[in-house]
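Notes follow the structure.
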Amino acid sequence: MRRILIALAALSLSVTAHAQTPDPYIWLEDANGAKAMDWVHAENAKTTGVLEKDPRFAGLYADALAIAQAKDRIPAPELIGDEVYNFWRDQTHVRGVWRKTSKADYASADPHWTTVLDLDALSTAEKANWVWEGDNCLSPDYRRCLILLSDGGEDAQTVREFDLTAMAFVPGGFVLPHSKQTVDWLDKDTLLVARDRGPGTMTESSYPFVVKSLKRGQSLDQAVEIFRGTAKDVSVNPTVLRDADGHKLALIQRGLDFFNSKYFVVTEGGVKPLSLPAKVNIQGLLHGELIFTSEEAWRGYKGGDLLAFAPEALLSASPPASPGALIFEPGPRQSLDGVAVTRNRVEAAIYDNVRGSLVAFAPAPAGWSAAKLPVAPNASVTIGTASDRDDTLYYSVQSFLDPTKLYQADAAAGAAKQVKSLPPKFDASKDDVEQFEATSSDGTKVPYFVVHPKGMALNGQNPTILNAYGGFQISETPVYSGNIGKLWLERGGVFVLANIRGGGEFGPAWHEAGLKTHRQLIYDDFASVARDLIARGITSPRRLGIMGGSNGGLLMGVEFTQHPELWHAVDIQVPLLDMLRYEQIAAGASWVGEYGSVSVPEERAFLAKISPYNNLHAEVTYPEPLIWTTTKDDRVGPQHARKFAARLAEMGKPYLFYEVIEGGHGSGANLNEKAHTNALEFTYFIRKLMD
């Protein structure tokens, strides 16, 4: 025991000393610097020289590209007024087209689409690499929209006013140049805008904190300031809610950290504070009442409750005489994972032990009535789009082995009809799905799904990919993935999805259990699932690989350094890895509410213990990882992945590194790049786990 304690103490001193040593790879934090990009191109050449030359790569890429470009994909609907809009990309429209059709025609087998905006043509005409970031159309007439465009996939956007009737940008209309920004319509001639206005207007997290009112015809310099946060805030965002009855509520969210906010209402008499929970999700406006989810105990309600309050009852810090209404209270194994508001209803996707249902709630004399809409058992449900003109909504249902089905629902009638179905993208007839539980380090039961061949031998020899996210209260639910099915399951592989803490699968408490210095529980949950898979004979360390992106990329880095003996393949996607400098990279400072800060001694000590970049050791044998990122990622940044790979190279450790030059916080700016990245990943997994 004494020898073990001495070894642990020595390791702790090594970590501390390593963390305090000047960073030799700080130059790789210059995202677009010539020296850094030369390094990137050299690393890309080495990695593609290995993976693209594998005889299986070409077939995997062809399969991934066919899935990405397939014209039989379900065109995701967006209800704007009485019409259905869709943004579509395929081999003909690489950057994509925004198009529209009627509800009736959309439900047909072969809708007749009218092109509203062609992004490929626009990019060619303007010699730009425009990436679609969405639209914001003004109700109730829905004639004018704000179109959000990104240069190469960055979070920073250019905003332009668009006329839906003329199907063209408005001459002399609103134009907001490139910036990280939030904008909404106050009325047809006024915008509420938060954007970069030069020094003293952006937070340490790289988001704006000043909101101004911009009138039609004014220059940006002439806009009138109506609210100012501070540089210590995460961000300050305006949003305007409207309902079918003509009520309007203009709000400003002051994000104190990633989860805690203060809300203000914009009135003719100025900006006034609203008394809301610090942790709250605003869902919409119905008959003049604010619909929101309280993510913490508040005024007698529990964290996770869905509530309705009159805004005037929230203008005082004291509890109102009319306390509002409870729409839905989740049980201990339930959570809300999506809410929509139509003309007369509130629709909520409700999960019970990670299995979805959809319920339409309506105000009634004795509270709120509830009616279930059809959802297949043991499936996931996602609300796609909802109308404020009637009670129409579209929602999708899917599971690991059942292709996505899209339903058009009339929430008022409690009825729905299937209007679209994704054709199978792989042969699922030979596979099955089971749900198990692992016991974590503190005794908590952690559920996970296993997608495996029927009659799978429990001999520890099954090639297995384990995936999880574990952060920001984001739930991981069963989804139908053509890539996983075609590129992995059809080859006899096993896929596992773990519902570890940090997510929202069982409400706010499931997330909060792993915040900041408690985060080791998240990493223990993941390792416990791996050990349970091995104990059941499903796989073994030789045949077990793991994958995760963004916060899940941090999870991969931690598991790589804490448990290198458990895996033979580690796919680290667009990750955070240097947790002692993450606050200084891209938008890292915005996540202090999740991870903690190096400015707090206790939190810095914990971050030093788990930071993957700072916990690599030359004497340890690691599996060869695949680390990939994107140059244009202005959210997490490519710096983490680059420095991690460089440190592995310094230690003489094997690794593969790849950086997509375009694409933002994802796998590519277009379908070709995304398919290429997917093919690299599955070539890597096949080489590591199946060979």
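Readers should treat all values here as calculations from the given coordinates under stated rules, not as data from a laboratory. Since we're looking at a predicted model, the values are computed, not measured. Don't worry about glycine lacking a Cβ; one is built from the backbone with ideal geometry, like all the others, and counts go over all protein chains shown.
When only C-alpha pairs under 8 Å and at least 6 residues apart count, what is the relative contact order of the chain, in percent? The partial results should precede the final answer.
Numbers: 1626 pairs, mean separation 78.0, N = 691.
So the answer I get is 11 percent.
Amide H to amide H distances under 5 Å link G471 with G503, where only residues 5 or more positions off or on other chains count and H is placed in the peptide plane. Phi angles of segment 652-668 translate, via the Karplus equation with coefficients 6.51, -1.76, 1.60 and θ = phi - 60°, into HN-Hα couplings of x, 8, x, 6, 10, 10, 9, 10, 6, 6, 10, x, x, 7, x, 9, x Hz per residue; Gly and Pro are given as x. Structural size metrics of segment 235-381, computed from C-alpha coordinates, are Rg and Dmax of 15.5, 51 Å. Around the Cα centre of the chain, unit charges on the Cβ atoms of Lys, Arg, Asp and Glu (plus for the first two, minus for the last two) sum to a dipole of about 660 debye. If you bin all the Cα-Cα distances of segment 460-607 at 10 Å, starting from zero, the percentages per bin are 12, 40, 34, 13, 2.
When a/c is below 1.5 the answer is rounded, else prolate if a/b is larger than b/c, else oblate, so apply that to segment 613-691 with a ≥ b ≥ c taken from the square roots of the Cα gyration tensor eigenvalues. Please list the in-between numbers first.
Details: a/c = 3.23, a/b = 1.31, b/c = 2.47.
Judged from the Cα gyration tensor, segment 613-691 comes out oblate (a/c at least 1.5, b/c at or above a/b).
The Cα atoms of segment 550-653 give a gyration tensor whose axes a ≥ b ≥ c have a/c of 1.5 or more with a/b no greater than b/c, which makes the shape oblate. Please report Rg over Rh for segment 115-267, where both radii come from the alpha carbon positions and Rh follows the Kirkwood definition. Here Rg/Rh amounts to 0.97.
Fraction of C-alpha pairs exceeding 15 angstrom in segment 494-580: 59 percent, rounded to a whole number.
Across the cross-link table entries K188/K232; K180/K262; K103/K486; K35/K632; K71/K127, which are compared at the Cα atoms, the separations over 25 Å belong to K188/K232; K103/K486; K71/K127.
Evaluated at q = 0.17 Å⁻¹, a Debye calculation over the C-alpha positions of segment 200-276 (equal weights, vacuum) places log10 I(q)/I(0) at -0.71.
Backbone amide hydrogens, once placed in the peptide plane, bring A415 within less than 5 Å of D410, excluding anything fewer than 5 places away on its chain.
With the convex hull of the Cα atoms taken as the outline of segment 373-478, the averaged projected area works out to 9.8 nm².
For segment 345-396, evaluate the Debye formula with one uniform point scatterer on each Cα (no solvent term) and list log10 I(q)/I(0) at q = 0.20, 0.27 Å⁻¹, rounded to two decimals. Evaluating at q = 0.20, 0.27 Å⁻¹ gives log10 I(q)/I(0) of -0.72, -1.08.
Calculated translational diffusion coefficient of segment 147-195 (4 °C, 1.567 mPa s; Stokes-Einstein with Kirkwood radius over alpha-carbon pairs) equals 113 µm²/s. Modelled this way, with points 7 Å down the Cα-to-C-beta line, the labels at E602 and D90 are 5.7 nm from one another.
How big is the equivalent ellipsoid of the chain along its three axes, where each semi-axis is √(5λ) from the Cα gyration tensor, reported in whole Å from largest to smallest?
39, 29, 28
Under Stokes-Einstein, with the Kirkwood radius over Cα pairs as Rh, the value for segment 107-152 at 37 °C and 0.692 mPa s is 259 µm²/s.
Screening the chain for whole DSSP H helices of 24 Å or more along their axis (Cα) with average Kyte-Doolittle hydropathy at least 1.0 returns 2-20.
Taking a ≥ b ≥ c as the square roots of the eigenvalues of the Cα gyration tensor of segment 386-426, is the shape rounded (a/c under 1.5), prolate (a/b larger than b/c) or oblate? The shape class here is prolate. Size of segment 484-532 from its Cα atoms: along the principal axes, largest to smallest, the extents are 40, 22, 15 Å. Once the Cβ-Cβ distance of Q520 and D23 is raised to the sixth power relative to R0 = 30 Å, the FRET efficiency obtained is 0.80.
So how do 280-289, 656-665 stack up, highest first, on mean other-Cβ count within 10 Å?
Details: 280-289: 19.7, 656-665: 22.1.
So the peptides 280-289, 656-665, ranked by packing, come out 656-665, 280-289.
Close amide-amide hydrogen proximity is noted between H287 and A244, D245, each under 5 Å apart and 5 or more residues distant or on a separate chain (H modeled in the peptide plane; Pro and chain starts excluded).
Given segment 427-526 reduced to its alpha-carbon atoms as identical point scatterers, what log10 I(q)/I(0) does the Debye formula return at q = 0.10 Å⁻¹? Summing over Cα pairs of segment 427-526 leads to -0.30. Computed from the Cα positions only, the extents of segment 297-404 along the three principal axes stand at 51, 35, 23 Å, in decreasing order.
Show me the ranking of peptides 27-38, 62-73, 494-505, 477-488 by mean Cβ neighbours inside 10 Å, starting with the highest.
On the way: 27-38: 14.4, 62-73: 16.7, 494-505: 25.6, 477-488: 21.8.
Ranking the peptides 27-38, 62-73, 494-505, 477-488 by packing returns 494-505, 477-488, 62-73, 27-38.
Using θ = phi - 60° in the Karplus curve 6.51 cos²θ - 1.76 cosθ + 1.60, the 3J(HN,Hα) couplings for segment 72-84 round to 8, 5, 6, x, 4, x, 9, 7, 10, x, 9, 10, 9 Hz; x is entered for Gly and Pro. Full extension of the chain between A62 and A649 gives 208.2 nm of extra length, using 0.36 nm per residue less the Cα-Cα distance. Please identify which residues in segment 457-487 have an amide N closer than 17 Å to a label point set 7 Å out from the Cα of N378, following the Cα→Cβ vector. Within reach of a label on N378: 477-481. Protection proxy ranking, highest mean first, for peptides 401-408, 551-558, 104-111: 551-558, 401-408, 104-111, where packing is the per-residue count of other beta-carbon atoms within 10 Å, averaged. In segment 82-193, Cα pairs under 8 Å separated by at least six residues give a relative contact order of 15 percent. Label separation (Q418 vs V175): 4.8 nm, computed from points 7 Å beyond Cα along the C-beta direction. Spacing of the modelled spin labels on S316 and K188, each 7 Å from Cα toward Cβ, amounts to 3.9 nm.
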